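This report refers to the structure that appears directly beneath it.
The values are calculated or read from the model by the stated rules, or taken from the named source; none is laboratory data. Worth saying up front: this structure is predicted, and the values here are computed from it rather than measured. Note: areas computed on protein heavy atoms with side chains; ligands, DNA, RNA excluded. Shrake-Rupley method; radii C 1.70, N 1.55, O 1.52, S 1.80 Å.
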Amino acid sequence: MDEAAKGMRQLAADGAGLHAMIEALRDSEGFTLTPLGLLLALDEAFGIPWTEGRDLFVLLDPDLRPIGPAGDVEKRFTALLRRS
């Protein structure tokens, strides 16, 4: 999990959004992308509590892809980052 969180922090520092982070986690050999895994990674990488991170799931399908405009997911993620 440390490597996943480290990678997410680096992507965020480079200006990437949540969608790019999810795709990086999906492609990571050492990480199994699941909704719970994403919550754990968000908590470890950015200090986003599970109770707040789960709010993203209303905008994502079971495979963690946006079900509507990707910008909506990014806006909610950005708001979560600001609060954490």
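What the chain shows is 58 Å² of accessible area per residue, with the surface traced by a 1.4 Å probe over protein heavy atoms.
Sequentially through segment 25-34, phi angles give Karplus couplings (6.51, -1.76, 1.60; θ = phi - 60°) of 5, 4, 7, 6, 6, x, 9, 9, 6, 9 Hz, Gly and Pro residues having no value and appearing as x.
Put simply, the amide H of LEU60, placed in the peptide plane, has neighbours under 5 Å in ILE67, leaving out anything fewer than 5 places away on its chain.
Couplings 3J(HN,Hα) of segment 16-21, computed from phi: 6, x, 4, 4, 5, 5 Hz, in residue order, whole Hz [Karplus 6.51 cos²θ - 1.76 cosθ + 1.60, θ = phi - 60°; x for Gly and Pro]. Pop out the carbon and sulfur fraction of the accessible area of segment 5-84 as a percent, whole number, probe 1.4 Å. Carbon plus sulfur share of accessible area: 53 percent.
Could you give me D for segment 38-79, from Stokes-Einstein at 25 °C and 0.890 mPa s, where the hydrodynamic radius is the Kirkwood radius over C-alpha pairs? Units µm² s⁻¹, please.
235
Relative to the globular-protein estimate of 2.2 N^0.38 Å, the Cα radius of gyration of the chain stands at 0.96.
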